[in-house]
Amino acid sequence: MLVAGNWIMILDLASARQLTSGVVSAVGTPKGTGVALCPPFVDLDATYSLLHGTGIRLGAQNMHEQDSGAFTGEISAPMLRAVGCHYVILGHSERRQLFGETNESVNKKALQALSHRLVPIVCVGESLEQRDADRHNMVVEEQVRAGLANLEVSSSSEIVVAYEPVWAIGTGRTATPDQVQDMHGHIRSLLQDIFNEAIGSGIDILYGGSVKPGNAAELFQRPNVDGGLIGGAALNAEDFAAIVRCAEEAA
Ligand code: PEP
């Protein structure tokens, strides 16, 4: 189980420090579930200082596919490692929709993350139009197969997949537990096919899309739902801690 907070582009340095301290005291020492915070790049260093030694890990929201070079405005995997990142979110639907990321660019970044011992949280998910056209399973299969192509993984803890239906992100509209269970089962079979039975069975598949303290328990109890990628509710320390407790109870 893993609960990761995606702080999107919301918090400046002072607010990030305040929220991190709030999360550390509200969550306490994580019991049987991984917990991670993914702040904006400029807040990573300060967040790490407050998280160090707490058992709560740090993640970034994106990275470039090269080690270094003339890529103005970009951040590399070695830079993320140097400020204490364990995870990096890749291919979030906002990156795909607003910044032109493709399955191929997500794949290059995932390869790069693994080669620097960062754990990629690879996001997949269909649009409302695709779900209404009953193409969601096919779209997610393409994203999973292309995004994870050629990855050499020797343990299931080296990679995380997050299913985030685009129509449920930041909308207050959560996928139903049955829809989530069906898609997570589909992703589980794909992971077993792409890697092998043992690795594919152990990879955490997170659900993201309007997870709140009031719906987290029901979602996390479903088979193959191994935690959540939390946006809005991660910006409130008490709400985030309540979601972590739901994961701990489901673990
Ligand atoms: C997200 O930003 O990845 C997300 C899942 O947001 P929310 O929880 O607000 O839907």
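The values are calculated or read from the model by the stated rules, or taken from the named source; none is laboratory data. The shown structure was predicted, so the numbers you read here are calculated from the model rather than taken from an experiment. Heads up, the Cβs are rebuilt from the backbone with ideal geometry, glycines too, and the neighbour counts pull from every protein chain shown. Heads up: the accessible areas ignore ligands, DNA and RNA and are worked out on the full protein's heavy atoms, side chains in. Shrake-Rupley method; radii C 1.70, N 1.55, O 1.52, S 1.80 Å.
Would you mind telling me which numbered condition in (1) out of contact with any His (no Cβ under 7 Å at 6 or more places or on another chain); (2) in a helix (DSSP H, G or I); (3) free of Cβ contacts under 8 Å to residues at least 12 places away in the same chain; (4) open to solvent by less than 70 Å² (accessible area, probe 1.4 Å) E101 fails?
For E101, the failing item is (2).
Determine if segment 158-168 includes at least one residue that is modelled with pLDDT under 95 and more than 16 Å from the ligand (Cβ to nearest atom).
No - not one qualifying residue is present in segment 158-168.
(1) within 21 Å of L128 (Cα to Cα); (2) away from the ligand (no atom under 13 Å from the Cβ); (3) touching a helix residue (DSSP H, G or I) at 6+ places or on another chain (Cβ under 9 Å); (4) without any contact (Cβ under 8 Å) to a residue 40 or more places away in the chain: which one isn't true of P177, the others all being true?
Among (1) within 21 Å of L128 (Cα to Cα); (2) away from the ligand (no atom under 13 Å from the Cβ); (3) touching a helix residue (DSSP H, G or I) at 6+ places or on another chain (Cβ under 9 Å); (4) without any contact (Cβ under 8 Å) to a residue 40 or more places away in the chain, the lone unmet condition for P177 is (4).
Could you please tell me which pairs satisfy a Cβ distance under 6 Å, a separation of 6+ or placement on different chains, a first residue in segment 222-233 that is within 6 Å of the ligand (Cβ to nearest atom), and a second residue that is assigned to a strand (DSSP E or B) and not aromatic (F, W, Y)?
From segment 222-233, the pairs are L229/A4; L229/N6; L229/A162; L229/L206; L229/G208; I230/G5; G231/N6.
Can you pull out the residues in segment 104-137 that are aliphatic (A, V, I, L, M), within 16 Å of the ligand (Cβ to nearest atom) and either at positive phi or open to solvent by 30 Å² or more (accessible area, probe 1.4 Å) (or both)? Break it down stepwise before answering.
Restricting attention to segment 104-137, the residues satisfying the condition of being aliphatic (A, V, I, L, M) are 106, 110-111, 113-114, 118-119, 121-122, 124, 128, 133.
Those left that are additionally within 16 Å of the ligand (Cβ to nearest atom): 106, 121-122, 124, 128.
If the condition is that a residue be aliphatic (A, V, I, L, M), within 16 Å of the ligand (Cβ to nearest atom) and either at positive phi or open to solvent by 30 Å² or more (accessible area, probe 1.4 Å) (or both), then L128 is the only one that fits.
Got at least one residue in segment 36-58 being within 16 Å of the ligand (Cβ to nearest atom), of a type in the set (V, I, T) and touching a strand residue (DSSP E or B) at 6+ places or on another chain (Cβ under 7 Å)?
no
If the requirement is being away from the ligand (no atom under 16 Å from the Cβ), in contact with a Phe, Trp or Tyr (Cβ under 8 Å, 6 or more places away or on another chain) and at pLDDT 95 or above, which of these qualifies: V153, V140?
Testing whether each residue is away from the ligand (no atom under 16 Å from the Cβ), in contact with a Phe, Trp or Tyr (Cβ under 8 Å, 6 or more places away or on another chain) and at pLDDT 95 or above leaves just V153.
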